[in-house]
Amino acid sequence: MTRTDGGASSPADTHASGGARGMRADARRNYERLVAAAREVFAAEGDGASMEAVARKAAVGVGTLYRHFPRRIDLVEAVYTTDVDELVDAAEDAVARLGPWEAVVAFLEAFVRYAQSKRTFLNELREAFEEHPDLKLASRERIDAATDMVIRRAQQAGVVRDDVDGADVTQLLGPMCTSPTITRDQTSRLLPMILDGLKATPEAAGS
């Protein structure tokens with residue numbers, strides 16, 4: 001469905017076309033500014049963040065905000081989908097630029113940042129998943145596949161143990177990052193422990 005009020009699409013149309021793709025240039029710029037602003041405002045204010053604060057941060061009118069995102073949950077979904085896109089991009093970039101073990105470290109660090117950023121609007125994200133369970137399933141499949149790509153490459157190089165896969169790693173890291181009681185300092189200590197556990201042992205490499 002094409003809108004005539006500023007060139008924006010409905011959230012459902014936007015999700016189906018892949019975020020801002022397919023929009024008119026000015027509408028795409030506003031969409032991207034709103035998503036970036038929402039990410040910052042949600043991180044700073046959490047569930048208490050207002051839609052008006054997002055519009056102010058993006059330097060657009062409230063009308064423009066609501067044309068793109070009629071409901072707050074639509075904006076939450078857009079932020080989440082954009083974050084998933086960036087995490088998948090981080091996996092591809094790590095594989096393209098870094099050695100096998102360095103790519104594992106870089107991607108897991110990116111995953112931790114991604115997961116921790118959800119803590120401030122986790123309740124709303126759960127509501128979005130309840131309304132659109134396909135969003136959760138499709139995103140999990142993409143994240144697991146991206147993680148698996150990084151892990152399998154490292155396994156082929158002999159630097160990661162061969163009895164784990166991408167889904168195992170995300171299941172291990174995800175709850176740790178989103179726990180409401182864990183601190184960032186604890187996470188920074190635990191991640192190296194997880195990385196140590198993923199390393200291939202000399203015994204395994206020689207068997």
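Out of region 44-65, which residues are in a helix (DSSP H, G or I) and buried (at least 16 other Cβ atoms within 10 Å of the Cβ)?
Across region 44-65, the qualifying residues are Met51, Ala53, Val54, Ala55, Lys57, Ala58, Thr64, Leu65.
One residue is enough: does region 93-116 have a residue meeting the conditions among the β-branched types (Val, Ile, Thr), assigned by TED's automatic domain parsing to the domain that holds Arg140, farther than 23 Å from Arg28 by Cα and modelled with pLDDT under 95?
So far as region 93-116 goes, yes, one or more of its residues are among the β-branched types (Val, Ile, Thr), assigned by TED's automatic domain parsing to the domain that holds Arg140, farther than 23 Å from Arg28 by Cα and modelled with pLDDT under 95.
Of all residues being out of contact with any Leu (no Cβ under 7 Å at 6 or more places or on another chain) and crowded, with 17+ Cβ neighbours inside 10 Å in region 117-140, which is modelled with the lowest pLDDT? Just the residue, please.
Thr120
Suppose the filter is under 16 Å from the mean Cα position of the chain (by Cα), buried (at least 17 other Cβ atoms within 10 Å of the Cβ) and over 18 Å from Glu102 (Cα atoms); does Gly174 pass it?
yes
Of these, Phe69, Phe107, Phe129, which one is in contact with a Lys or Arg (Cβ under 6 Å, 6 or more places away or on another chain) and of a type in the set (Phe, Trp, Tyr)?
That would be Phe129, the only listed residue that is in contact with a Lys or Arg (Cβ under 6 Å, 6 or more places away or on another chain) and of a type in the set (Phe, Trp, Tyr).
The values are calculated or read from the model by the stated rules, or taken from the named source; none is laboratory data. All of these numbers come straight from a predicted model, not from anything done at the bench. Glycine gets a Cβ as well: all are built from the backbone with ideal geometry, and neighbour counts include every protein chain shown.
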